[in-house]
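Please read the structure below before turning to the comments.
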Amino acid sequence: MWGPGPEGRSMSALLPLKGIRVLTLEQVHALPWGTAFLADMGAQVIRIESVEHLQDRKAGPFVNGKPGPEWWNEGANLAYFGTRNKQSLCLDVTKPAGKDVFLKLVKHCDIVTDNFRPGTMQRLGFDHESLARVNPRIITLSSTAFGYTGPWAKAGSRARTVDSVCGMSYLTGFEGGPSQRASNNYMDHSTGNNVAFALLLALYRRKRTGKGMRIDLSMQETGVSCIGPAILEAQRGIARPRLGCSHLWKAPHNIYPCAGADRWIAITVSNDAEWAALKQIMGSPAWADDAKYRSVEGRHQHRHELDRHIAEWTAPQEDKTLMRSLQSQGICAGAVMQAADLVDDAHLKQREFIQTIQRAGGPRLYAGRPFRMPGLSMAIRRTADLGEHNEAVLRDVAGLSSTEIAALAADGVISNRPRPEEKAP
Amino acid sequence: MSAEGILSDIKVLEIAHAASGAFCAKLLADQGADTIKIEPPGGDEARHEPPFIDGEPHPDRSTTFLALNTGKRSVTLNLEEAAGRALFLKLAADADVVIESFQPGRLSGIGLGFDVLRARNPKAIVLSITWFGQTGPYAHYKGDDLIAQAMGGFLYAVTGTADKPPMGTTLQQMELTAGRNGAIAIMAALLARDESGEGTHIDLSVMEAAIATPSMLVQNYSYLGKSPRRGAFDKFVMDGMHLPTKDGEVTLTTAGTGGRPMEAWAEFLGEPRLLDPKFATRASRNDHWEELRDLVVPKLKEWNNLDLMRETMARGLVIGLVQSPTQVVESPHLEARGYFVELEHPEVGTLKYPGPGFMLDGANPMQTTRAAPRLGEHNEEILGRLR
């Protein structure tokens with residue numbers, strides 16, 4: 001399935017990974033998010049799928065929450081990272097014929113990635129050593145919950161359990177309140193970003209040394225790398241408090257209510273000059289002249305009272321108008337945006353950050369990548385239907401004849417639609 | 001892998017004053033890139049961020065600075081003065097990568113814009129990493145991590161619960177996410193430069209990194225017609241809630257139960273009342289979540305965290321221990337993995353630092369790095385040879 005996307009306007013002149021071929025046995029979120037970066041950069045990323053495990057294609061979300069007749073090709077997240085700029089090869093690698101095909105592909109690939117639990121690749125005969133015998137320059141990456149070694153190697157995870165086990169959740173929460181998960185999927189994204197970084201490092205090294213590499217990537221460890229200061233503090237008995245939207249030394253530094261339901265503005269003040277400017281915009285109320293608010297330390301010590309005063313002032317105001325007004329006076333402020341605000345935001349529009357593609361019966365919006373480089377399009381250029389590239393990949397990469405490909409299809413080793421008994425999600 | 005690190009043929013100059021650029025440069029430095037952090041004479045702002053090792057404010061003892069600046073050398077330069085700028089341009093002349101986080105236009109204003117750098121060094125890859133990017137109506141807005149969480153949709157939709165005001169997360173995560181994206185972009189630019197011989201200018205926005213990270217917001221809105229809101233997991237006793245154990249907290253999941261979560265957990269916890277039909281589906285569990293919680297919690301309280309982890313793992317169940325940073329530092333698993341690397345620092349002594357999250361050919365690449373530099377530690381070593 002192809003979306004017209006913006007590439008007609010800026011067809012990528014720069015494809016840093018052109019000629020690089022990636023085979024990926026991936027599911028759920030973290031690894032697909034990582035390999036999508038490589039696909040954006042021009043690598044041929046062949047996503048190997050199985051009709052036995054269609055969870056990602058069932059995950060949606062679907063238009064208005066309703067799976068359509070071809071639900072397996074319609075989910076929103078497939079386009080964002082699952083099959084983004086990738087190819088789909090629906091191949092049963094647990095069958096001997098499927099395994100043979102897989103190893104033929106490995107011979108002509110640069111990278112093999114997986115996010116099975118440790119042990120599965122070995123059981124399939126696809127561990128690094130076996131693949132390196134087929135292709136000595138191969139780079140392999142296994143993305144797992146806890147890595148390939150250590151007493152917890154066999155444990156599974158979800159992004160939210162990584163959030164808790166890495167220390168992030170413990171540090172997150174309202175002041176004096178219980179621990180709280182930072183996010184249901186932040187660790188998927190951090191891990192995915194780390195996947196992309198590690199693979200690019202391995203490619204860089206191989207260009208210089210000719211050597212392949214085995215990468216053992218851990219979601220938990222990626223998570224711990226996000227809380228470095230707290231890790232150092234813990235070793236010297238410094239307890240970092242939960243602070244909600246407050247700060248260790250800045251005040252005001254919080255969110256404040258605005259007009260409308262569930263509307264808020266974040267305001268943060270770092271120094272006396274910013275405080276003076278804020279006082280002036282507030283109309284120099286008498287309370288703000290209290291001596292206790294004169295210093296950074298004083299404002300922080302009395303931040304709860306300070307927050308109540310500011311909240312009274314912001315409550316009747318419109319969030320974005322107030323943001324513009326405060327920023328124009330040099331005060332750090334930002335409206336608490338909802339998705340509806342983001343898709344309508346003038347700044348993001350001018351930067352062409354939100355991409356529209358034709359998909360699932362209409363124009364659909366997607367967030368872009370946060371970086372821009374001249375000539376490099378990181379846009380969604382296409383998405384892949386289930387098994388869409390079976391024939392092209394088997395013919396052009398594995399070198400199979402059309403007779404061999406037809407035999408694989410007849411034996412159910414490759415397919416391009418769910419089995420008849422499969423139920424819609 | 002070589003003892004020198006993958007990027008040891010790369011020179012990086014960092015003139016960033018925020019966590020985003022510092023973290024990005026650290027990711028490269030820890031892989032062996034020769035990374036010089038250029039600081040104003042008073043030191044990078046992070047040097048003055050509490051808390052400090054041993055309590056008292058000291059420019060070499062901020063934990064934020066120490067954590068985000070491993071692998072680098074430090075040079076102080078006053079870019080407000082012509083002499084400082086001249087030295088900077090000499091350093092930039094043979095840099096592969098320059099990471100900067102000045103307000104858009106500010107570097108041009110002092111004669112160090114991209115065009116000037118490019119004239120000096122056409123191979124330089126310049127990463128500008130700012131709150132809102134180089135263009136657009138917010139380009140000159142001020143920011144900090146909370147502002148990025150707010151404007152990136154994270155506050156409204158990601159952390160927090162449905163019944164409370166938005167609540168964010170900690171330790172500058174939007175900036176770190178931007179930094180990781182920056183490292184990806186730089187690696188792409190380095191690989192592209194191998195072919196083209198030319199540098200480039202990368203424009204990276206922390207706000208956009210925040211949006212791209214809790215990424216379901218925009219497409220969810222587009223497909224479902226409403227803005228996602230925080231708190232979707234609030235009542236998920238079996239799949240998200242933090243529950244107390246004997247010595248901590250845990251979050252359960254229904255993963256690894258073969259689609260029969262209540263059977264698996266009833267058996268594991270020894271609580272047959274979990275098999276009551278009213279807990280059979282996710283929706284019905286939500287309807288009776290308080291009752292369910294009151295059945296599960298007393299059983300969980302019989303367990304220590306590490307025992308619970310070992311025994312659930314043995315049965316293929318998936319849980320998340322809510323670990324404190326101290327528990328993470330003392331984790332037997334991470335110890336066995338060789339995840340933390342001890343680095344010696346003259347002011348704060350030896351501390352364990354987190355690795356990048358991946359082992360390369362079985363080795364932790366952090367082993368070749370060094371602790372954060374003291375303020376201006378390498379002035380003589382680096383500037384001496386330029387004079």
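The values are calculated or read from the model by the stated rules, or taken from the named source; none is laboratory data. Predicted, not measured: the structure shown is a model, and the values here were computed from it. Please note: Cβ atoms are built from the backbone with ideal geometry, for glycine as well, and neighbour counts cover all protein chains shown.
Restricting to region B:234-248, count the residues that are more than 16 Å from B:Val318 (Cα to Cα) and facing chain A (nearest Cβ under 10 Å).
As a first pass, look at region B:234-248 and keep what is more than 16 Å from B:Val318 (Cα to Cα): B:234-235, B:244, B:246-248.
After this cut, where a residue has to be facing chain A (nearest Cβ under 10 Å) as well, the list is B:244, B:248.
Count: 2.
Picking from A:Thr113, A:Thr144, A:Thr161, which residue would you name as being surrounded by 24 or more Cβ atoms within 10 Å (Cβ to Cβ), among the β-branched types (Val, Ile, Thr), over 16 Å from B:Asp361 (Cα atoms) and in contact with a helix residue (DSSP H, G or I) (Cβ under 9 Å, 6 or more places away or on another chain)?
After ruling out the rest, the residue left standing is A:Thr161.
Looking at region A:238-270, which of its residues are of a type in the set (S, T, N, Q), more than 7 Å from every other protein chain (Cβ to nearest Cβ) and touching a helix residue (DSSP H, G or I) at 6+ places or on another chain (Cβ under 7 Å)? Spell out the reasoning first.
Taking region A:238-270 and keeping what is of a type in the set (S, T, N, Q), we get A:246, A:254, A:268, A:270.
Cutting the leftovers down to more than 7 Å from every other protein chain (Cβ to nearest Cβ) gives us A:246, A:254, A:270.
A:Ser246, A:Asn254 - these are the residues of region A:238-270 that are of a type in the set (S, T, N, Q), more than 7 Å from every other protein chain (Cβ to nearest Cβ) and touching a helix residue (DSSP H, G or I) at 6+ places or on another chain (Cβ under 7 Å).
Can you name the residue in region B:131-153 that is more than 8 Å from chain A (Cβ to nearest Cβ) and buried (at least 24 other Cβ atoms within 10 Å of the Cβ) and is also nearest to A:Ile267 (Cα to Cα) among such residues?
Among those that are more than 8 Å from chain A (Cβ to nearest Cβ) and buried (at least 24 other Cβ atoms within 10 Å of the Cβ), it is B:Asp145.
Of the conditions (1) more than 7 Å from chain A (Cβ to nearest Cβ); (2) under 30 Å from A:Lys66 (Cα atoms), B:Glu195 clears all except one; give me its number.
So B:Glu195 meets the others, but not (2).
State yes or no: is B:Val98 touching a His at 6+ places or on another chain (Cβ under 8 Å) and more than 12 Å from every other protein chain (Cβ to nearest Cβ)?
For B:Val98, the condition - touching a His at 6+ places or on another chain (Cβ under 8 Å) and more than 12 Å from every other protein chain (Cβ to nearest Cβ) - is not met.
How many residues does region A:312-344 contain that are buried (at least 16 other Cβ atoms within 10 Å of the Cβ), facing chain B (nearest Cβ under 10 Å) and either in contact with a Pro (Cβ under 7 Å, 6 or more places away or on another chain) or outside any helix (DSSP H, G or I) (or both)?
Qualifying residue count for the region: 9.
Going through region B:198-221 one residue at a time, which ones are acidic (Asp, Glu) and more than 7 Å from chain A (Cβ to nearest Cβ)?
Of region B:198-221, the ones acidic (Asp, Glu) are B:198, B:203, B:208.
Listed by number, the list holds a single entry, B:Glu198.
Between residues in region B:257-275 that are more than 16 Å from B:Glu291 (Cβ to Cβ) and residues that are charged (D, E, K, R), which pairs lie under 8 Å by C-beta distance while being six or more apart or on different chains?
B:Thr257/B:Glu263; B:Ala264/B:Arg315; B:Phe268/B:Glu311; B:Phe268/B:Arg315; B:Gly270/B:Lys299
Looking at B:Asp194, B:Asp234 in this structure, which one is touching a residue at least 24 places away in the same chain (Cβ under 8 Å) and not basic (Lys, Arg)? Before you say what the answer is, go through the steps one by one.
Working: B:Asp194 fails: touching a residue at least 24 places away in the same chain (Cβ under 8 Å).
Every option except B:Asp234 fails the conditions.
Taking the conditions exactly as written (farther than 30 Å from B:Asp203 by Cβ and either assigned to a strand (DSSP E or B) or more than 8 Å from every other protein chain (Cβ to nearest Cβ) (or both)), does A:Ile405 satisfy them or not? Outline the logic, then answer.
Details: farther than 30 Å from B:Asp203 by Cβ: yes; either assigned to a strand (DSSP E or B) or more than 8 Å from every other protein chain (Cβ to nearest Cβ) (or both): yes.
Spelling it out, A:Ile405 is indeed farther than 30 Å from B:Asp203 by Cβ and either assigned to a strand (DSSP E or B) or more than 8 Å from every other protein chain (Cβ to nearest Cβ) (or both).
Which residues, taken from region B:50-101, are free of Cβ contacts under 8 Å to residues at least 40 places away in the same chain, within 30 Å of A:Ala230 (Cβ to Cβ) and surrounded by fewer than 18 Cβ atoms within 10 Å (Cβ to Cβ)?
B:Pro50, B:Gly55, B:Glu56, B:Pro57
Going through region A:24-45 one residue at a time, which ones are more than 12 Å from chain B (Cβ to nearest Cβ) and farther than 24 Å from A:Asn185 by Cα?
Of everything in region A:24-45, just one residue is more than 12 Å from chain B (Cβ to nearest Cβ) and farther than 24 Å from A:Asn185 by Cα, namely A:Gln44.
Give the residues of region B:249-266 that are facing another protein chain (nearest Cβ under 8 Å) and either out of contact with any helix residue (DSSP H, G or I) (no Cβ under 9 Å at 6 or more places or on another chain) or small (Gly, Ala, Ser) (or both), sorted by residue number. Working first, answer last.
Applying the first criterion (facing another protein chain (nearest Cβ under 8 Å)) to region B:249-266 yields B:249-251, B:253, B:255-256.
Within region B:249-266, B:Ala255, B:Gly256 qualify.
Across region B:330-369, which residue is farthest from the other protein chains (Cβ to nearest Cβ) among those that are acidic (Asp, Glu) and in a loop (DSSP other than H, G, I, E, B)? Break it down stepwise before answering.
Here is the first cut: in region B:330-369, the residues acidic (Asp, Glu) are B:330, B:335, B:342, B:344, B:347, B:361.
Still in the running and in a loop (DSSP other than H, G, I, E, B): B:330, B:347, B:361.
On the way: B:Glu330: 9, B:Glu347: 12, B:Asp361: 5 Å.
Looking at residues that are acidic (Asp, Glu) and in a loop (DSSP other than H, G, I, E, B), I get B:Glu347.
Checking the structure you have, find out if any residue of region B:186-206 is out of contact with any strand residue (DSSP E or B) (no Cβ under 6 Å at 6 or more places or on another chain), more than 23 Å from A:Gly228 (Cα to Cα) and in a loop (DSSP other than H, G, I, E, B).
Yes, region B:186-206 has at least one match.
Give, as residue ranges, the helices (runs of 4 or more DSSP H) completely inside region A:96-143 that count at least 3 residues that are modelled with pLDDT of 95 or more and under 21 Å from A:Val195 (Cα atoms). Talk me through it step by step, then tell me what you get.
Values: elements: A:96-107, A:120-124, A:128-134.
Of the helices (runs of 4 or more DSSP H) lying wholly inside region A:96-143, those with at least 3 residues that are modelled with pLDDT of 95 or more and under 21 Å from A:Val195 (Cα atoms) span A:120-124, A:128-134.
Scan (1) crowded, with 20+ Cβ neighbours inside 10 Å; (2) more than 17 Å from B:Leu217 (Cβ to Cβ); (3) within 14 Å of chain B (Cβ to nearest Cβ); (4) in contact with an Asp or Glu (Cβ under 9 Å, 6 or more places away or on another chain) for the single condition A:Pro67 breaks and write down its number.
With respect to (1) crowded, with 20+ Cβ neighbours inside 10 Å; (2) more than 17 Å from B:Leu217 (Cβ to Cβ); (3) within 14 Å of chain B (Cβ to nearest Cβ); (4) in contact with an Asp or Glu (Cβ under 9 Å, 6 or more places away or on another chain), A:Pro67 is out only on (1).
Quick one: in region A:158-178, of everything that is part of a loop (DSSP other than H, G, I, E, B) and touching a residue at least 40 places away in the same chain (Cβ under 8 Å), which residue is farthest from the other protein chains (Cβ to nearest Cβ)?
Residues of region A:158-178 that are part of a loop (DSSP other than H, G, I, E, B), as a first pass: A:158, A:166-167, A:172-178.
In the following step, the residues that additionally are touching a residue at least 40 places away in the same chain (Cβ under 8 Å) were identified as A:166-167, A:172-177.
Numbers: A:Cys166: 7, A:Gly167: 4, A:Thr172: 5, A:Gly173: 8, A:Phe174: 6, A:Glu175: 10, A:Gly176: 13, A:Gly177: 9 Å.
Selected residue: A:Gly176.
For region B:327-379, give me each residue that is acidic (Asp, Glu) and under 22 Å from the mean Cα position of the chain (by Cα).
B:Glu330, B:Glu335, B:Glu342
I need the full set of residues from region B:166-191 which are at the interface with another protein chain (Cβ under 7 Å from one of its Cβ atoms), in contact with a Leu (Cβ under 9 Å, 6 or more places away or on another chain), under 30 Å from A:Pro178 (Cα atoms) and of a type outside the set (Lys, Arg), in order please.
Selection gives B:Pro166, B:Met167, B:Gly168, B:Thr169, B:Thr170, B:Leu171, B:Leu176, B:Ala178.
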